[in-house]
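To start, the structure itself, in structure tokens.
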Amino acid sequence: MTYRVVQWATGGVGKSAIAAIARHPELELVGCWVHSADKDGRDVGELLGGEPMGVVATTDAAALCELEADCVVYSPLLPDKQQVLALLRSGKNVVTPMGWFRPTDRDADLALAAREAGVTLHGTGIGPGGITDLFPLALSVMTSAVTFVRAEEFSDMRDYEAPDVLRHIMRFGATPEHARSGPMLKILGGGFIQSLRLILDGMGFDTDAEIVTTHEVAVATAGIDSPIGIIEPGEVAAQRFQWDAVIGGVAVARIAVNWLMGEENLDPPWTLGSAGERYEVAVEGSPSALMTFTGFNSGTPGETTPGIVATANHLVNSIPYVCRAEPGIETYLDLPLMTGRAHPDFATRK
Ligand SMILES: NC(=O)c1ccc[n+]([C@@H]2O[C@H](COP(=O)([O-])OP(=O)(O)OC[C@H]3O[C@@H](n4cnc5c(N)ncnc54)[C@H](OP(=O)(O)O)[C@@H]3O)[C@@H](O)[C@H]2O)c1
């Protein structure tokens, strides 16, 4: 069976998802929504800089709701709950990296719409998603009496070629006060708190745990070359965000992000550690275990970051499972083990 898929937005995730759909034996791209007016009416393959794919991008969301399709990969810049509701009500399953990793009471209307239409909404990605909930949950099956779970990112942000995001949203190059009052803790926290609660659900911790957040910064002690230009002494050049799930005064689960503009001329003198850029997933108990993931942080300059490609792949590979799932909002705890697919030429390769 082939599932008919619509891609919603052609940013980094969207473009990578389109490439992954084209390589997936059970999927066919049948539509594509774009936000940018200059992409309206253009062939999706050409938007990716390749051969035409016979699918024309459109800004017409209503027309895509009318289109016969099984699933939407929903990855615009900002989530629009009304749009997700419309997609579900039009009878389409939705996979997205923008929320619904673990539904809250506020999502009752979405869950109802999905159930009434007989479709499924699933949130997935790398973090939130794989690194911050799926892999901790999976690793924990090898441990008994779990006491602490940690998922943590260590990245050199000099490779992140999005200067506006770095300066205005993440607030690198700002004063410590300006950075601390920025939106990142809230932006990241929305998804990471869902990840923490999914971990607590899965392992049987008290799901009413208090969530304690911290945000620390390090400043440059000398000029640091970065994608936003030189970060001057006294300006923010590294940041650490942390979310702890705390029960009875004890942290039982932690998600943390360490973003450094290199490892030199920082105060405090933070480093990425000898293991360099990576993601870590740790489970403490009997026995304790640590998984380290490399390859998702930095990539080839000018190409989409591997973590973005991995996010798109996680979305795309989940589609057949989500299309076959029970209607409603389904998490990793509800869905079966999901896998990638072999290279399309594998059978004929020598
Ligand atoms: N869970 C995870 O692990 C994970 C990982 C990566 C990203 N994400 C999230 O996924 C989303 C997409 O990420 P991305 O890297 O693809 O972002 P991106 O490269 O910035 O692209 C976002 C796309 O959204 C569209 N867009 C621009 N302005 C918009 C607006 N005002 N309203 C609606 N759409 C608008 C544009 O689509 P067109 O170019 O088609 O016009 C743009 O290319 C973000 O919210 C990001 O936070 C989650």
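Out of 208, 225, one residue alone is open to solvent by 40 Å² or more (accessible area, probe 1.4 Å) and either in contact (Cβ under 8 Å) with a residue 40 or more places away in the chain or in contact with a Phe, Trp or Tyr (Cβ under 7 Å, 6 or more places away or on another chain) (or both). It is 225.
Restricted to the range 31-72, and to residues that are in a strand (DSSP E or B) and open to solvent by less than 70 Å² (accessible area, probe 1.4 Å), which residue is farthest from the ligand (Cβ to nearest atom)? So, considering only residues that are in a strand (DSSP E or B) and open to solvent by less than 70 Å² (accessible area, probe 1.4 Å), the one farthest from the ligand (Cβ to nearest atom) is 71.
When we screen 118, 130 for residues that are within 27 Å of residue 18 (Cα to Cα), in contact (Cβ under 8 Å) with a residue 24 or more places away in the chain, out of contact with any Cys (no Cβ under 9 Å at 6 or more places or on another chain) and surrounded by fewer than 24 Cβ atoms within 10 Å (Cβ to Cβ), the only hit is 118. Checked against (1) of a type in the set (A, V, I, L, M, F, W, C); (2) under 17 Å from residue 221 (Cα atoms); (3) in contact (Cβ under 8 Å) with a residue 60 or more places away in the chain, residue 270 passes all but a single condition, namely (3).
Out of curiosity, is residue 301 touching an Asp or Glu at 6+ places or on another chain (Cβ under 7 Å) and either open to solvent by 50 Å² or more (accessible area, probe 1.4 Å) or not in a loop (DSSP other than H, G, I, E, B) (or both)? In short, no.
Do the conditions hold for residue 136, that is, is it touching a residue at least 60 places away in the same chain (Cβ under 8 Å) and in a helix (DSSP H, G or I)?
Yes: the conditions hold for residue 136.
Looking across 335, 315, one residue alone is assigned to a loop (DSSP other than H, G, I, E, B) and open to solvent by less than 20 Å² (accessible area, probe 1.4 Å). It is 335. Of the listed requirements (1) more than 16 Å from the ligand (Cβ to nearest atom); (2) in a strand (DSSP E or B); (3) surrounded by 21 or more Cβ atoms within 10 Å (Cβ to Cβ), residue 148 misses just one: (3).
Within 30 Å of residue 329 (Cβ to Cβ), in the same structural domain as residue 168 (by TED's automatic domain parsing) and of a type in the set (Ser, Thr, Tyr), is that true of residue 214?
yes
For the range 270-298, a residue qualifies if it is of a type in the set (A, V, I, L, M, F, W, C) and surrounded by 15 or more Cβ atoms within 10 Å (Cβ to Cβ), and the qualifying residues are 270, 272, 281, 282, 283, 291, 293, 296.
The values are calculated or read from the model by the stated rules, or taken from the named source; none is laboratory data. Everything quoted here is computed from the prediction, not taken from an experiment. Backbone-built Cβ (ideal geometry, glycine too); neighbour counts: all protein chains shown. Side chains are part of the model used for accessible areas, which takes the heavy atoms of the whole protein and leaves out ligands, DNA and RNA. Shrake-Rupley method; radii C 1.70, N 1.55, O 1.52, S 1.80 Å.
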